[in-house]
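The values are calculated or read from the model by the stated rules, or taken from the named source; none is laboratory data. What you are looking at is a predicted structure, and each value in this text was computed from that prediction instead of being measured. So basically every Cβ, Gly included, is an ideal-geometry build from the backbone, and we count neighbours across all protein chains shown.
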Amino acid sequence: MTSPRVLVAMSGGVDSSVAAALLVDAGHEVLGVTLKLWGGESDSGCCSVSDVEDARRVAAQLDIPHYVFDYSVAFDEHVVDPYVDAYSSGSTPNPCVECNRHIKFGLLLDRADALGCDSLATGHHARRVRDERGRAQLQRAVDSAKDQSYVLAMLTGPQLERLQFPVGELTKSDVRAYAARLGLRTATKPDSQDVCFITRGGREQFLDARVPARAGEIHDTSGRVVGSHDGIARFTIGQRRGLGIAAGERRFVVDIDAPSATVTIGRPPDLLRDGLLVTSCTFVHDPPARGAEVLVQVRAHGQVTPGRYTAGSAGGEIVFTEPQPRVAPGQLIAFYDGPTVVGSAVAAA
Amino acid sequence: MEPAPPTAYLDHAATTPVRPEALAAMLPFFAETFGNPSGGHAVARAAKTALESARESVAADLGAEPGEVVFTAGGTEADNLAVEGAARAARERGQGDGVVVAAFEHKAVLAAADRLGREGFRIVVAPVTAGGIVDLDALAALVDEHTVVVSVMLVNNEVGTIQPLADVVRIVRARSPHAVVHTDAVQAAAWVDVAVLAADVDLISVSAHKLGGPKGTGALVVRGDVGLVPLIEGGGQERGLRSGTSNVAGAVGLAAALRATVATRSETVAHVAELRDRLVAGLETIPGLWCNGDSDAKIAGNVHVGIPGIEAEALLVLLDREGVCAAAGSSCSSGATEPSHVLAAMGLDRADALASIRLSLGFASSPADVDRVLDVLPTAVAQLRGAVGVSR
């Protein structure tokens, strides 16, 4: 009898190393794969040669085959180019979400299927569970501090049927202890922090090299010119640092108008909104009933906020129970019912 | 665990097993005869004797004089030394600054040319035909009196095509008084008589591990008065062109492997060509399959096919699972399969290049290897073609 075949996406980090180890221990036939995503100059991210070597070494320690798949062209098309476009149009992209959407759970999941694998596993901290009707559901990780269900909220039921997140059942310290017990070389490797394709020069340098920055004015909420800037790409809604404005009290970016390259700053109350317009909705199973209460999370490690779902299946408005700071357009919005992901959307302009 | 499937190794262009003759020849030089050939005592002399005997043997098999053979740590170093060393030496003499390389050269040549470009040399890339042969008319138009180095490989590493080197030499000699001609013969020596096909070439690179010798050893033939600026300096070994304590065992292994290759080449070529023909005929039953590289100009060991609707990256995983070792594109240091610059130079579009794989046979290939591929590959292709995306 052949055991189920699982393709494991191994980034070279400790979480995906342990994901592979757990699946091997569970008796699965496991194939490890590392994705080459970025052909650029960054050597800090998930696709650098040293990370590939770490993944390959762990695979050898686990006695499983390991391959490298080159998705760098698709990564440019679906992640890097939209990232640059978003910043230059005044919105705030989430490249890790787009990589998950198009690369890991798009092209790679298709590839797993083509290779005859029963499922694809990653090292994300999230739980894939079955509800009382036997359907696959996505829930928050056991380790709430490391929970990554937000960046997976775009997954659908049919995708979740074919996915596994083994380390979502463990705390991070358990993950590291497991790796150390097996003697995996990634046991003490630091967590990755930044967007993998952003070089040491940071986001601004990366964007400056790709889009001509257009200088513009900084206004206050009454429309008065209070300063100038070198380009809107360095601003995000809600940003406080780096405004270059000496004001008596703290100011935040409250609006970015791309056509006129105008950045508007204001005080915290100027950021508050009663609701949120969303587009590009996805649902794990069924959309919430119109007017149903949902928990809304607007950033990777943010708090959840209760709101009413008044949008249709494609898009519409979420009405918050209490006014909330404005969400930067382009950000992923995750909807939860308790610990369970209901679906996702993208914040509209 | 299930027993591993029998391995069919069809990646001889990547590397070969060490021939028993080469292994046996090398073994005494690790412990018994361990001397440093640069020394003056008996232990050193024994090593020096072996090194020089290896040099004579390699020279004879490549049609060179012993004094023209420089041992290197592999084909890449030989290519780098030839291209960079000859260009820099010519510039020091004020002879010119033009470097011409064929578009489908190995990266050991292309990267060396890039380096020279950053140093101010004029780098010109000669196109190749759709069949994988250097375009001689275009080459002629690119060589001028300022050209100092022309590098055209003898056999292409991906598609296995043999290049008309005698014509290249004739074209270069007619147009440039100072240009030296280099050939990367790393993929050639196992299959063709380098002494004949590269008879008038100034610089010839070979590598041991492509023909049954050890990894990490190669040689550069440097004819007569061709000047080179060394890449590695120190104790002045190898006529000052390659300092560093000599790799005696490696040189002996190269010599023994090359001698065994030359001695058995005509039988090997006949045997492998028969296997190759049966493999190609079997693969041609796959609908739409095409062959890359002019089949009339190929070495016996090369099969390079494109399969419509297939991603080579996925096909190689399925082949590996069934014990078939093959390759696609050229491997980069991360292990990813990069889109082949060779196929791009031949005019294949990206999708066709990424749908192509190389099955390379060698002296160690057997009929069972061909049987295994023909058993496994069509099934794997059918599986990939039948797969429907599930992610959306």
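Quick look at the values:
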{"quantity": "Contacts under 7 angstrom Cβ, first residue in the range B:302-319 being within 14 Å of another protein chain (Cβ to nearest Cβ), partner of a type in the set (F, W, Y) and in a strand (DSSP E or B), 6 or more apart", "calculated": "B:E313/A:F69; B:V317/A:Y67"}
{"quantity": "Search result, residues across the range B:276-311 that are surrounded by 19 or more Cβ atoms within 10 Å (Cβ to Cβ) and within 22 Å of the chain's Cα centre (by Cα)", "calculated": "B:R276, B:N292, B:G293, B:K298, B:I299, B:A300, B:G301, B:N302, B:V303, B:H304, B:V305, B:G306"}
{"quantity": "Filter result (over 18 Å from B:S356 (Cα atoms) and assigned to a helix (DSSP H, G or I)) within the range B:278-301", "calculated": "B:R278, B:D296, B:A297"}
{"quantity": "Search result, residues across the range A:102-120 that are more than 8 Å from chain B (Cβ to nearest Cβ), more than 9 Å from A:R162 (Cβ to Cβ) and among the hydrophobic types (A, V, I, L, M, F, W, C)", "calculated": "A:I103, A:L108"}
{"quantity": "Selected residue (only one of B:F34, B:F71 is under 21 Å from B:I232 (Cβ atoms), modelled with pLDDT of 95 or more and aromatic (F, W, Y))", "calculated": "B:F71"}
{"quantity": "Residues that are within 12 Å of B:V342 (Cβ to Cβ) and either of a type in the set (V, I, T) or part of a helix (DSSP H, G or I) (or both), drawn from the range B:110-132", "calculated": "B:L110, B:V128"}
{"quantity": "Elements of type helices (runs of 4 or more DSSP H) contained in the range A:82-165, each with 3 or more residues being in contact (Cβ under 8 Å) with a residue 40 or more places away in the chain and touching a helix residue (DSSP H, G or I) at 6+ places or on another chain (Cβ under 8 Å)", "calculated": "A:95-98"}
{"quantity": "Among residues of the range A:73-90, those that are away from every other protein chain (no Cβ under 12 Å) and surrounded by fewer than 21 Cβ atoms within 10 Å (Cβ to Cβ), counted", "calculated": "10"}
{"quantity": "Tally of residues being in contact with a His (Cβ under 7 Å, 6 or more places away or on another chain), among the hydrophobic types (A, V, I, L, M, F, W, C) and over 12 Å from A:T340 (Cα atoms) across the range A:128-171", "calculated": "2"}
{"quantity": "Selection count where residues are more than 14 Å from chain B (Cβ to nearest Cβ), surrounded by 19 or more Cβ atoms within 10 Å (Cβ to Cβ) and polar (S, T, N, Q), scope the range A:121-156", "calculated": "4"}
{"quantity": "Candidates B:L361, B:L348, filtered to the one that is within 21 Å of B:S295 (Cβ to Cβ), surrounded by fewer than 22 Cβ atoms within 10 Å (Cβ to Cβ) and more than 12 Å from every other protein chain (Cβ to nearest Cβ)", "calculated": "B:L348"}
{"quantity": "Contacts under 6 angstrom Cβ, first residue in the range A:57-72 being within 11 Å of chain B (Cβ to nearest Cβ) and closer than 10 Å to A:G32 by Cα, partner outside any helix (DSSP H, G or I) and among the charged types (D, E, K, R), 6 or more apart", "calculated": "A:V68/A:K36"}
{"quantity": "Matching helices (runs of 4 or more DSSP H) fully within the range B:1-107 where at least 1 residues are over 30 Å from B:S366 (Cα atoms) and touching a helix residue (DSSP H, G or I) at 6+ places or on another chain (Cβ under 7 Å)", "calculated": "B:42-62, B:75-92"}
